[in-house]
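Asker: Before I ask anything, let me first share the structure, which is written out below as structure tokens.
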Amino acid sequence: MTRKLGPFDVSAIGLGCMSMSHAYGAPPPPDVAAGVLRRALDLGYTHVDTAALYGFGANETLIGNAISDRRREFVLASKGGMFRNAQGQREIDGRPETVKRHCEESLTRLRTDAIDLYYLHRWDKRIPIEDSVGALADLVAEGKVRAVGLSEVSAATIRRAHRVHPISAVQTEYSLWTRNPEVAVCDTCRELGITLVAFSPLARGFLAGGLREVSGLPPKDIRLAMPRFQGEHFARNLGLLDGLAGIARESGVTMGQVALAWLLAQGAHVVPIPGTTRLDHLEENFQAADVRLTESTVEQLSRLINPGTVSGARYNEATQAEIDTEEFV
């Protein structure tokens, strides 16, 4: 089963690579992560997603080392405009010269002549979106990038950017428990022929059912700073999992598979990119593309987990201020 990703045909389930180098505590050893990447291609994944930010270049280097010899087997997506500054700190920088420099550095780490889909990782609100997208358009003209994407942007920003250069994909968090794209971004992408790439489609592991407590998470795990994983919010959210498990059992699939199948049912323009460092989860996620949910099951899932039943914001105030997305009111 394939879906459109801009000008490309890709597997309906893609592979998000962030967790192999970033965000959830100590990453796996490089040889283990490399094995996951190679196995993904063997299974039929044809969409691999990374970013300069992930491990401050380590994830792109991992991909370049592990699977650049199989470059023709997959569509490669990466992101720039958010990396470390001279002080070694994470920084959003959408200046055209920075976006172009990030791309050049990514090409080197990824061991490739061109990146199939290159996203602006975050809109730098100090810089007109038209200027940042103009730099991406230049990279396309130079043959270093084949298609342009945006990440975590509002419908209005998508339209502004699309007037400068065709936007092939918009990447944003989308899952049963993060429904913000449904405010306006989903419809805008459908109208303009843009693929909506859903990151964290399993709610950072929560919807897969294996995260029942947060006390065992490593100190640097980013979920510890997210309200939904804290205190009473987390306790209330745990109450949603029994219902999800029941629907999964009735459908004859795992909790993670039913959550991914729900996303695929939201439209042919939606492409989820779950991440994992485990071979069993890699195969389980990929098989979700073959799951067909009835209309009543899709509606049942939507009633069970939605903005009215999920407790807590998805980000703290500082992180939320960095992104440009509509919120439910």
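Asker: Which of the residues spanning segment 96-122 are surrounded by 22 or more Cβ atoms within 10 Å (Cβ to Cβ), under 14 Å from residue 143 (Cβ atoms) and hydrophobic (A, V, I, L, M, F, W, C)?
Answerer: Of everything in segment 96-122, those that are surrounded by 22 or more Cβ atoms within 10 Å (Cβ to Cβ), under 14 Å from residue 143 (Cβ atoms) and hydrophobic (A, V, I, L, M, F, W, C) turn out to be 103, 115.
Asker: For residue 69, only one of the following conditions fails: (1) within 16 Å of residue 119 (Cα to Cα); (2) free of Cβ contacts under 8 Å to residues at least 12 places away in the same chain. What is its number?
Answerer: If we test residue 69 against (1) within 16 Å of residue 119 (Cα to Cα); (2) free of Cβ contacts under 8 Å to residues at least 12 places away in the same chain, just (1) comes out false.
Asker: Restricted to segment 269-292, and to residues that are in a loop (DSSP other than H, G, I, E, B) and either at pLDDT below 95 or out of contact with any Lys or Arg (no Cβ under 9 Å at 6 or more places or on another chain) (or both), which residue is nearest to residue 181 (Cα to Cα)?
Answerer: Filtering segment 269-292 for residues in a loop (DSSP other than H, G, I, E, B) gives 269, 273-274, 276-278, 291-292.
With either at pLDDT below 95 or out of contact with any Lys or Arg (no Cβ under 9 Å at 6 or more places or on another chain) (or both) added as a condition, the list becomes 273-274, 276-278, 291-292.
On the way: 273: 16, 274: 17, 276: 23, 277: 27, 278: 28, 291: 23, 292: 23 Å.
So the residue we want is 273.
So that you can scan it fast, the table gives a plain yes or no per residue for (1) over 20 Å from residue 27 (Cα atoms); (2) of a type in the set (D, E, K, R):
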position: 186; (1), (2): yes, no
position: 191; (1), (2): yes, yes
position: 200; (1), (2): no, no
position: 227; (1), (2): yes, no
position: 232; (1), (2): yes, yes
position: 241; (1), (2): yes, no
position: 244; (1), (2): yes, no
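Asker: For segment 266-288, give me each residue that is of a type in the set (Gly, Ala, Ser) and surrounded by fewer than 19 Cβ atoms within 10 Å (Cβ to Cβ).
Answerer: As a first pass, look at segment 266-288 and keep what is of a type in the set (Gly, Ala, Ser): 267-268, 275, 288.
267, 268, listed by residue number.
Asker: Are any of the residues in segment 75-91 among the charged types (D, E, K, R), modelled with pLDDT of 95 or more and surrounded by 23 or more Cβ atoms within 10 Å (Cβ to Cβ)?
Answerer: yes
Asker: Taking residue 206 as meeting all but one of (1) closer than 25 Å to residue 21 by Cβ; (2) more than 19 Å from the chain's Cα centre (by Cα), write down the number of the exception.
Answerer: Looking at each condition in turn, residue 206 falls short on (2).
Asker: Also, quick follow-up: Does segment 218-267 hold any residues that are under 20 Å from the mean Cα position of the chain (by Cα), part of a helix (DSSP H, G or I) and of a type outside the set (A, V, I, L, M, F, W, C), and which are they?
Answerer: The answer is 223, 227, 228, 256, 257.
The values are calculated or read from the model by the stated rules, or taken from the named source; none is laboratory data. Not measured: the values here are computed from a predicted model. Neighbour counts run over all protein chains shown; Cβ positions are idealised from the backbone, glycine included.
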